[in-house]
Amino acid sequence: MSEQDQVPGPATPNYRGAVYLTSAAKLHQCPPDKGWEVAFAGRSNAGKSSAINSLTNNKKLAKTSKTPGRTQLINFFELSTSQRLVDLPGYGFAKVPVAVKKEWTKQLENYLAKRQCLRGMILLMDVRHPLQPFDEQMLNWALTAHMPVHILLTKADKLKKGPANNSLLGVRKAMKAHEALVSVQLFSALKHSGHQQLVEVLDGWLTDASVYDPDEDIESC
Ligand SMILES: Nc1nc2c(ncn2[C@@H]2O[C@H](COP(=O)(O)OP(=O)(O)OP(=O)(O)O)[C@@H](O)[C@H]2O)c(=O)[nH]1
Ligand SMILES: [Mg+2]
């Protein structure tokens, strides 16, 4: 057993105990880059904030909106002193001015590229329109960085069971070549369905002691 294997990981998180920690417009405003973090990414309006609220059973935790572009900062929610969920601004929102869009994209890329404590990405896509160009871009980035990705096909309540399963099978097929790093499931924040599968993935990432590096840089990112 290596020295790293002997470091105990944190306990399984209690998602219902999540509390808002802070928001960052820029990378240097993020909390110290240590511990275990999982980011929720995806196009504007995909349902990232709603998924976090459904998972934590707290409608008021992350701000949601019918208007795309609601989440404009990187929002951190604390599960324990060493475990966090992160609500990212949505990408691909056409109505935001170009300069603002460029700045978001820069900060998003910075966060994804530099954040050492990021253990995995939950990538949300509307079940009716999965794998859009921006999603592919995000997937390519994650795969290049060997970052595990769990795809939530959201708003599953908007489709009947058959079409929803067809979408799931289609995305699984498209991801077949990357199945070591990418998994896929159906999810509905409205119906609170898909929690168990999501929690299994999050628990695995947020307690994985094998990725713990005691020499990790603990400076703020
Ligand atoms: N029917 C249904 N609507 C949903 C579901 N999840 C989210 N929505 C709705 O979709 C809209 C966008 O949800 P948000 O959670 O704000 O989306 P977001 O991805 O955080 O959006 P940005 O912050 O703009 O990036 C809201 O009107 C939600 O009520 C779902 O599972 N089912
Ligand atoms: Mg949001």
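Derivation of every value follows stated rules applied to the coordinates shown; laboratory data play no part. Computed from a predicted structure; not experimentally measured. Cβ sites come from the backbone with ideal geometry, for glycine too, and all protein chains shown count toward neighbours.
Quick check on this structure: which one of Asp126, Asp87 is under 11 Å from the mean Cα position of the chain (by Cα), within 16 Å of ligand 2 (Cβ to nearest atom) and surrounded by 18 or more Cβ atoms within 10 Å (Cβ to Cβ)?
The match here is Asp87.
Which of the residues that make up the range 143-172 are within 11 Å of Asp126 (Cβ to Cβ), assigned to a helix (DSSP H, G or I) and not basic (Lys, Arg)?
Ala156, Ser167
Which pairs do you get when a residue that is among the aromatic types (Phe, Trp, Tyr), found in the range 181-201, comes within reach of a residue that is assigned to a helix (DSSP H, G or I) and near ligand 1 (Cβ under 9 Å from one of its atoms), reach meaning Cβ atoms under 7 angstrom, with the pair 6+ apart or on two chains?
Here the result reads Phe187/Ala51; Phe187/Ala156, each pair linking the range 181-201 to a residue that is assigned to a helix (DSSP H, G or I) and near ligand 1 (Cβ under 9 Å from one of its atoms).
Hey, among the residues in the range 75-130 that are closer than 28 Å to Gly204 by Cβ and of a type in the set (Gly, Ala, Ser), which one's nearest to ligand 1 (Cβ to nearest atom)?
For the range 75-130, the residue satisfying everything is Gly90.
Which residues, counting only those in the range 173-189, are within 20 Å of Asp126 (Cβ to Cβ) and under 18 Å from the mean Cα position of the chain (by Cα)?
Met175, Val182, Ser183, Val184, Gln185, Leu186, Phe187, Ser188, Ala189
For the range 97-108, does any single residue satisfy the condition of being farther than 21 Å from Ala189 by Cβ, within 16 Å of ligand 2 (Cβ to nearest atom), in contact with a Ser or Thr (Cβ under 9 Å, 6 or more places away or on another chain) and in contact (Cβ under 8 Å) with a residue 24 or more places away in the chain?
no
Only one of (1) away from ligand 1 (no atom under 11 Å from the Cβ); (2) outside any strand (DSSP E or B); (3) over 19 Å from Ile151 (Cβ atoms) fails for Leu55. Which number is that?
(3)
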